[in-house]
Amino acid sequence: MDIADVSQMKAKLNRREDELRSLIDNLDERDFRKRSIGVFIELDWETLTVLGHGFGGTTALHAGINNEKVRYVVSLSPWLLPVRE
């Protein structure tokens, strides 16, 4: 994998992390949860867990590091090339 590929993967990781942050922020809104799944459910923010596999595993790890709402991470076979300098 060359430098251009790594740069593209870092950009993709940043986009996915932003999307996950947005989803988590939206889950905090009662109306969003009711519209999305048809019923209101209570969420336990003390145990918010993010799970991912492959590149999703790397996204989950970054969410655990960078999002204070994420309490636990399950990362299966994450992409482990350097993503930070």
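Every number in this text was worked out from the coordinates using simple rules, so none of it is lab data. The structure displayed is predicted, hence computed values, not measured ones. Counting neighbours? That spans all protein chains shown, and the Cβs are built from the backbone with ideal geometry, glycine included.
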Average Cα contact separation per residue, the stretch 3-76, under 8 Å, 6 or more apart, as relative contact order %:
27
If we count other beta carbons within 10 Å of each Cβ, what is the order of Glu42, Glu17, fewest first?
Glu42, Glu17
Listed by chain and number, the residues whose amide H is under 5 Å from that of Val74, excluding neighbours fewer than 5 places away on the same chain and using placed H, are Val50, Leu51, Gly52
Full extension between Ala11 and Asp28 adds, at 0.36 nm per residue less the Cα distance, a length in nm of 3.5 nm
Please list the equivalent ellipsoid semi-axes of the stretch 3-76, computed as the square roots of five times the alpha-carbon gyration tensor eigenvalues, in descending order and whole angstrom.
26, 14, 10
Starting from the Cα-Cα distance between Asp18 and Arg71, subtract it from 0.36 nm times their residue separation and give me the gain in nm to one decimal.
17.4 nm
